[in-house]
Amino acid sequence: GDIVPVERTTVNDKAALERVLASFKSDTTFFDTLTLTNPKSLAITDPENDLERELEFYKQALWAAQHAETLFSAASLPFHRPEDYFAEMLKTDAHMSTIRQSLLDESAGIKASE
Amino acid sequence: GDGEATEEAPRPPYKQRVLVLSSRGISQRQRHLMNDLTGLLPHAKKDAKLDSKHQLPLVNELCDLSSCNNALFFEARRKYNDLYLWAAKAPNGPSIRFHVLNTHTMDELKMTGNCLKGSRPIVVFDKQFDESPHFKVIKEVLMNIFAVPKTARRAKPFVDHVLNISIADGKIWFRNYQILDIPPADTEAPTSSSTGAKGKAAKQDGPKMSLNEIGPRFVLQPVKIFEGSFNGATLYENKEFVPSSSVAGAYKNARASKYKGRKG
């Protein structure tokens with residue numbers, strides 16, 4: 001069913017928001033937080049369109065990764081993990097092999113249907 | 001000696017610690033999301049479920065006990081199976097209450113990426129975060145929580161993932177991608193014919209890189225911003241937010257009036 005938007009009186013105290021922001025905003029450099037802000041707006045015309053939206057997110061993230069890499073190399077800091085560096089991963093090996101298996105199954109299924 | 005120290009006041013070190021906890025009555029899926037996020041935050045500490053549903057400022061005391069200056073509190077509402085997420089700067093505020101939508105956890109097989117446990121992500125914010133006061137406050141709070149500080153003891157020394165925080169449709173979309181130092185394979189990269197030209201240009205000029213989604217995915221709809229941490233004056237209220245109870249109520253009323261019409 002359609003939801004009828006009800007007009008409500010809502011608060012948006014911009015002056016207080018700016019004051020509160022100034023009270024806790026920390027003075028940081030890129031290497032403290034590794035945080036970037038995309039200089040370009042996303043071109044999402046229809047947020048319901050999954051393909052278009054996800055592509056815009058992907059492009060923003062890719063820009064950030066590439067920009068960060070240049071900042072790291074300018075500061076001569078290591079960025080990519082070397083091949084021989086091993087440490088605990090976020091997802092377990094067992095889970096990753098399940099993912100690989102499902103990808104294989106999927107591609108086998110596509111081949112079989114062709 | 002002393003003269004040097006007073007010449008340039010040293011910047012206070014950027015230190016953040018996050019307390020992660022939930023209310024009681026959280027569902028399995030919601031708990032999964034919480035665990036996924038905790039796994040991404042080496043500077044986080046998980047606490048037991050909060051017993052009280054009505055005294056949320058208690059979270060500030062728990063933060064103090066674990067020397068955390070940030071809190072992520074997952075507030076489950078059983079009736080409509082809703083999840084609300086509080087992001088707070090303890091103990092003085094501000095705090096933000098979000099409605100969590102469209103959750104996908106890291107367990108899903110579509111999410112093929114992986115990264116080191118506790119590596120520091122590149123956090124990237126949408127341009128729109130700098131364009132209105134409430135989004136500026138939200139950006140700073142989310143950065144304090146999701147950007148892993150240099151000082152985090154368990155952080156790993158390499159960069160292998162990006163947290164992408166975008167705004168679309170007035171809501172905040174959270175994505176986590178693995179960074180691969182290989183160019184995208186045609187089957188994996190989400191490229192369509194309309195943007196093919198741009199993609200090709202980036203491939204040739206830029207560093208060879210591609211991304212693989214790790215998860216989790218979720219959407220945060222801001223509900224309210226409070227001046228304090230779990231208390232204080234309301235600074236912002238989202239007029240587009242419709243609580244599940246009014247959606248259900250409107251549906252019920254519509255059915256009731258239809259019935260009345262039939263009877264009358």
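The values are calculated or read from the model by the stated rules, or taken from the named source; none is laboratory data. Keep in mind that what you see is a predicted model, and the values were worked out from it rather than measured. Here the Cβ is made from the backbone with ideal geometry for all residues, glycine too, and neighbour counts use every protein chain on show. Quick note on the areas: whole protein, heavy atoms, side chains included, nothing else; ligands and nucleic acids left out. Shrake-Rupley method; radii C 1.70, N 1.55, O 1.52, S 1.80 Å.
Data for the structure
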read-out	value
Residue list for the stretch A:9-37, filter: out of contact with any Leu (no Cβ under 6 Å at 6 or more places or on another chain), part of a helix (DSSP H, G or I) and at the interface with chain B (Cβ under 7 Å from one of its Cβ atoms)	A:K14, A:E18, A:V20, A:L21, A:F24, A:F31, A:D32, A:T33
Condition check for B:K127: more than 16 Å from the chain's Cα centre (by Cα), basic (K, R) and either modelled with pLDDT under 95 or at positive phi (or both)	no
Any hit, the stretch A:72-81, residues being facing another protein chain (nearest Cβ under 8 Å), modelled with pLDDT of 95 or more and out of contact with any strand residue (DSSP E or B) (no Cβ under 9 Å at 6 or more places or on another chain)	yes
Checklist (1) out of contact with any strand residue (DSSP E or B) (no Cβ under 6 Å at 6 or more places or on another chain); (2) closer than 19 Å to B:V223 by Cα applied to B:A88, failing item	(1)
Any chance B:F158 is at pLDDT 90 or above and open to solvent by 10 Å² or more (accessible area, probe 1.4 Å)	yes
Within the stretch B:114-151, tally of residues that are of a type in the set (G, A, S) and within 7 Å of chain A (Cβ to nearest Cβ)	1
Test: residue in the stretch B:117-135 that is open to solvent by less than 10 Å² (accessible area, probe 1.4 Å) and free of Cβ contacts under 8 Å to residues at least 40 places away in the same chain	yes
In the stretch B:121-133, the residues that are charged (D, E, K, R) and either in contact with a Pro (Cβ under 8 Å, 6 or more places away or on another chain) or part of a strand (DSSP E or B) (or both)	B:K127
Sole residue being touching a Lys or Arg at 6+ places or on another chain (Cβ under 9 Å), part of a loop (DSSP other than H, G, I, E, B) and either open to solvent by 70 Å² or more (accessible area, probe 1.4 Å) or basic (K, R) (or both), chosen from A:K59, A:K40	A:K40
Test: B:I214 is open to solvent by less than 40 Å² (accessible area, probe 1.4 Å) and touching a Pro at 6+ places or on another chain (Cβ under 7 Å)	no
Neighbours by Cβ (under 6 Å, 6+ apart or cross-chain): first from the stretch B:37-49, within 19 Å of B:V100 (Cα to Cα); second in a loop (DSSP other than H, G, I, E, B)	B:G39/A:L90; B:K49/B:R24
Residue count, the stretch B:80-113 (criterion: touching a helix residue (DSSP H, G or I) at 6+ places or on another chain (Cβ under 7 Å) and either away from chain A (no Cβ under 13 Å) or not small (G, A, S) (or both))	13
Residue in the stretch A:22-35 that is at pLDDT below 95, open to solvent by 70 Å² or more (accessible area, probe 1.4 Å) and among the acidic types (D, E) present	yes
Failed item in (1) at the interface with chain B (Cβ under 7 Å from one of its Cβ atoms); (2) more than 30 Å from B:A88 (Cα to Cα); (3) open to solvent by 60 Å² or more (accessible area, probe 1.4 Å); (4) of a type in the set (S, T, N, Q), with A:Q66 passing the rest	(3)
Flag for B:K139 being within 20 Å of B:L211 (Cβ to Cβ) and open to solvent by 10 Å² or more (accessible area, probe 1.4 Å)	no
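So that you can scan it fast, the table gives a plain yes or no per residue for (1) more than 29 Å from A:D13 (Cα to Cα); (2) open to solvent by 30 Å² or more (accessible area, probe 1.4 Å):
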site: B:G232; (1), (2): no, yes
site: B:N238; (1), (2): no, no
site: B:Y251; (1), (2): yes, yes
site: B:R255; (1), (2): yes, yes
site: B:Y259; (1), (2): yes, yes
site: B:R262; (1), (2): yes, yes
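Residue-wise test of (1) outside any helix (DSSP H, G or I); (2) surrounded by fewer than 21 Cβ atoms within 10 Å (Cβ to Cβ).
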| position | (1), (2) |
| --- | --- |
| B:Y14 | yes, yes |
| B:I26 | yes, yes |
| B:N35 | no, yes |
| B:Y80 | yes, yes |
| B:L85 | yes, no |
